[in-house]
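Below: one structure, written as structure tokens.
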Amino acid sequence: MSRPVLANIDLKALQHNLARVRQLAPASNVMSIVKADAYGHNLLTCCQALGDTDAFGLLDLVDAISLRKGGFSQRVCLLEGFFTADEIPVIASNRLEPVIHSSWQLDILQEIEDELQLTVWLKIDTGMNRLGFPPADFRQIQARLSEMKCIQQVSVMSHLASADERDSPATAEQLQRFESATENSGCTRSLANSAAIIAHPDCHYEWVRPGIMLYGSSPFADITANELDLRPVMSLQSEIISVKHVKQGETIGYGGTWKCPEDMQIAVVACGYGDGYPRHAPSGTPVMVAGKLTTLIGRVSMDMITVDLRGIENADSGSPVELWGRGVSVDTVAEMSGTIAYELLCGVTARVKRQEVTNG
Ligand SMILES: *Cc1c(COP(=O)(O)O)cnc(C)c1O
């Protein structure tokens, strides 16, 4: 026996969500974003299930090399490019494709040997004001790259700041800047993250870059994953490890923030913020216990939470608990905790074993 907390990773759901991307953007290639250990779902397991993708996008060179060692032949994009010049020979020999976002990187490329062959993604900043060159500089940089013998191919990308706010005018403005900077440049183009794949088909271009939707979370606050026909990939599960009766007026846990309104049964579940369950989840956050919905009561501790067992018959030590997954949406837990599913999913800690399931 071991501590029962576990993240089940449903690979059928992952494949279903990739198929949803293809349905929504039928004319585009798909760069599946697998940064942060595939949003906390386990990189290699997920990449295997995503075999139908055209490319992977991630950050860490070691992770990218592990994909090549694992036999993956898809294109692999390094979303923050290279950090130091000594990475470039490894990048080239592994056929990895760095994003070039700053002039210091151009200066490094200028110095590398002609024999190295690189495919790169030029990133322009169309309004996010994070990574990327000014759109007005795009043509000149494209020309500079085309003179470098080591550069085989240049694609161009930009990132949207507000695609998840469907009515925000910012996306149309970014699209307009992207289009006018890059039209007729001969470069293949990429602009859309998950939110834009779903809500802004005019942003699809030749490559779409889905992240969160692959993992079955909704990029929008006002539409559920279920409504978008996205299936949750991770189910964070544990078990009850203790059940007890508590008298009316007694309080639960650190700070005594929750007071029992009557004599009642509560359960202690082996999962806490040390596992990645958010400490800011308030009393009332839904938890599934033995297949029934109940709520978190009291503060989240490092290793445990407590739940209300009123109305849940035959729950006992060993009963299964789902913290998020199919019964409780990770989006709901995130919203109640004042964050987004991205943070919860990639915040599941190393002590939680990821276990693949393929039964769908
Ligand atoms: C993370 C990331 C994405 C994916 O965004 P989602 O909102 O998760 O779909 C796409 N493009 C880039 C450059 C990213 O860093």
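The values are calculated or read from the model by the stated rules, or taken from the named source; none is laboratory data. All of these numbers come straight from a predicted model, not from anything done at the bench. Reconstructed Cβ throughout: ideal geometry from the backbone, glycine too, with neighbour counts over all protein chains shown. Side chains included, ligands, DNA and RNA excluded: accessible areas come from the protein's heavy atoms. Shrake-Rupley method; radii C 1.70, N 1.55, O 1.52, S 1.80 Å.
Structural remarks
- Structure remark: mean-square fluctuation, Gaussian network model of the chain, C-alpha springs under 10 Å; the largest value among Asp303, Asp125, Asp164 belongs to Asp303.
- Whole-percent pair-distance distribution, where bins are 5 Å wide, for the alpha carbons of the stretch 234-357: 2, 12, 23, 26, 20, 11, 4, 1, 0
- For the chain, the antiparallel share of DSSP beta bridges with both residues in that region comes to about 50%.
- Treating each Cα of the stretch 11-215 as an identical point scatterer and summing with the Debye formula, the log10 of I(q)/I(0) at q = 0.18 Å⁻¹ comes to -1.30.
- With a cut-off of 15 Å on the backbone N, the residues of the stretch 193-207 near the modelled label site 7 Å out from Ala172 along Cα-Cβ are 200-203.
- Each residue of the stretch 1-130 gets 161 Å³ once the volume of the Cα convex hull is shared out per residue.
- Note on the chain: with a GNM built from Cα contacts shorter than 10 Å, the maximum mean-square fluctuation among Gly71, Gly272, Gly40 falls on Gly71.
- Pairwise label distance in nanometres, Val357 with Ser180, each label 7 Å out on the Cα-Cβ vector: 5.2 nm
- Filtered GluC sites (Glu not before Pro), the stretch 307-337: DSSP coil and at most 10 other beta carbons within 10 Å: Glu313
- Within the stretch 57-143, the trypsin sites (Lys or Arg not before Pro) that combine a DSSP coil assignment with at most 13 other C-beta atoms in a 10 angstrom radius are Arg130.
- The loop-placed GluC sites (Glu not before Pro) in the stretch 225-306, going by DSSP, that have at most 16 neighbouring Cβ atoms within 10 Å of their Cβ come out as Glu227, Glu250, Glu262.
- The Cα-based radius of gyration of the stretch 263-308, divided by its Kirkwood radius, gives an Rg/Rh of 0.94.
- Heavy-atom accessible surface of the chain, averaged per residue, reaches 44 Å², computed with a 1.4 Å probe.
- The fraction of Cα-Cα pairs per 10 angstrom bin, counted from 0 for the chain, comes to 5, 23, 28, 21, 13, 7, 3, 0 percent, rounded to whole percents.
- Remark: the stretch 146-291 carries a charge dipole of roughly 480 debye about the Cα centre, counting +1 on each Lys and Arg Cβ and -1 on each Asp and Glu Cβ.
- For the listed residue pairs Lys12/Lys123; Lys35/Lys292; Lys35/Lys259; Lys69/Lys123, the alpha carbons are over 30 angstrom apart in Lys12/Lys123; Lys35/Lys292; Lys35/Lys259.
- Amide H contacts under 5 Å for Cys77: Phe56, Gly57, Leu58, Glu97, restricted to partners 5 or more places along the chain or on a different chain, H placed in the peptide plane at 1.01 Å from N.
- Dipole in debye (nearest 20) - the chain, about Cα centre, beta carbon charges: Lys, Arg +1; Asp, Glu -1: 720 debye
- Amide hydrogen proximity for Val357: with H placed 1.01 Å from N in the peptide plane, the residues at 5 or more positions away or on another chain lying under 5 Å are Ile9, Asp10, Leu11.
- Per-atom-type breakdown for the chain gives carbon and sulfur 48% of the accessible area (1.4 Å probe, protein chains only).
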